[in-house]
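The values are calculated or read from the model by the stated rules, or taken from the named source; none is laboratory data. Being a predicted model, the structure only gives us computed values, none of them experimental. Virtual Cβ from ideal backbone geometry, glycine too; neighbours counted across all protein chains shown. For the accessible areas, the whole protein counts, side chains as well, though only heavy atoms, and no ligand, DNA or RNA atoms are used. Shrake-Rupley method; radii C 1.70, N 1.55, O 1.52, S 1.80 Å.
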Amino acid sequence: MDDLRNGILKLKKEKKALILAHNYQLPEVQDIADFVGDSLGLSMMASRTEAEVIVFCGVFFMAETAKILSPRKVVLIPEKEAGCPMADMITAPQLKDLKNLHPQATVLCYVNTPAAVKAECDYCCTSANAAKVVQEGLKDVSEIIFVPDQHLAGYVSSQTGREFITWPGYCPVHADIRKEEILVLKKYHPRAEVLVHPECRDEVIALADRVLSTEGMCRYVKDSPSLEFIIGTEIGILYRLRKENPAKSFYPVGGAVCVNMKKINLEKVLWSLESMEYQVELPDSIMEKARRSIERMLRFV
């Protein structure tokens, strides 16, 4: 393990690379990263870095976002098969058809979408800033298409009072988190605060003390006087929560595992830097259109 880490650090310095890792990545990948965060934080870091190479340890749409914001940089994803089932639930032709049905609508897409879908959108958002984008960026818009996550759309609707034209997409991992599991954990840990992700189902969100993005969970736990937390999101975040808050206890809801987020390991990070693969490449026309919606997202931080 030490040899792998040393090899990665050596190549990272030689190639002027920056390693970004999502909160759901394996512990050893989080430890080797220069920055660990959620989609919004990683998007911001990708847009600001002076590095010549970005190694993105996450799923493919995230690496695409980094490439869109840094088109002159080399963006690597160590595992090209690390996809996102939710992002695959909508395509650009499907969104075009939906837009044709609602020609006056403004299109808001979740960052969990392919670049070609973002290119068909007016605004992008993350789970952390979706409500703010709607309240501030789209306050004067009468009709909004919100794709692809129906559960995030429902939560944002409850927070903003706005109705959306939605798409039947969802995150399989978060949609599989059940209220019965939370009720059992609350019985055994009555003092624990319940934190859940807004990609969860309505009945799960209804049991939460706080509904937060992964980065929002990390910030909240650090500042909260509570010592126990029930966590309703992918279990990869538990490593960071425990590492940053060793005196606090965390109880995951079920076994919420994103298989795609676990496909990247230290061997693949090292190989990626050695071979400079897999490089993310996108047509200029797609990047130019998608960049507009992503940059609009970054205004609402």
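Miscellaneous remarks
- Filtered by the rule that a residue be out of contact with any His (no Cβ under 9 Å at 6 or more places or on another chain), assigned to a loop (DSSP other than H, G, I, E, B) and either at pLDDT below 95 or of a type in the set (D, E, K, R) (or both), segment 195-224 gives a lone residue, Asp209.
- Test: residue in segment 178-195 that is more than 29 Å from Pro225 (Cβ to Cβ), open to solvent by 10 Å² or more (accessible area, probe 1.4 Å) and not aromatic (Phe, Trp, Tyr): no
- Scanning segment 242-282 for residues that are β-branched (Val, Ile, Thr) and surrounded by 17 or more Cβ atoms within 10 Å (Cβ to Cβ) returns Val253, Ile264, Val269, Val280.
- Residue-level check: of (1) among the β-branched types (Val, Ile, Thr); (2) within 30 Å of Leu138 (Cα to Cα); (3) modelled with pLDDT of 95 or more, Val301 misses just (3).
- Subset tally (residues that are modelled with pLDDT of 95 or more, under 19 Å from Val204 (Cβ atoms) and assigned to a loop (DSSP other than H, G, I, E, B)) for segment 227-255: 5
- Among residues of segment 142-159 that are without any contact (Cβ under 8 Å) to a residue 40 or more places away in the chain and farther than 15 Å from Met86 by Cβ, those with a beta-carbon under 6 Å from a residue that is in a strand (DSSP E or B) and open to solvent by 10 Å² or more (accessible area, probe 1.4 Å) at least six positions away or on a different chain give the pairs Ile144/Thr106.
- Some residue of segment 76-97 being surrounded by fewer than 22 Cβ atoms within 10 Å (Cβ to Cβ), more than 21 Å from Lys13 (Cβ to Cβ) and in contact with a strand residue (DSSP E or B) (Cβ under 8 Å, 6 or more places away or on another chain): yes
- Residue match in segment 169-188 (condition: touching a residue at least 60 places away in the same chain (Cβ under 8 Å), of a type in the set (A, V, I, L, M) and within 22 Å of Pro85 (Cβ to Cβ)): yes
- The single condition from (1) under 21 Å from the mean Cα position of the chain (by Cα); (2) crowded, with 17+ Cβ neighbours inside 10 Å that Arg162 fails is (1).
- Of all residues in segment 28-70 being among the polar types (S, T, N, Q), over 20 Å from Leu9 (Cβ atoms) and at pLDDT below 90, the one that is most open to solvent (accessible area, probe 1.4 Å): Ser47
- Of the strands (runs of 3 or more DSSP E) that lie entirely inside segment 1-94, those containing 2 or more residues that are in contact (Cβ under 8 Å) with a residue 24 or more places away in the chain and within 27 Å of Arg242 (Cβ to Cβ) span 17-22, 35-37, 53-57.
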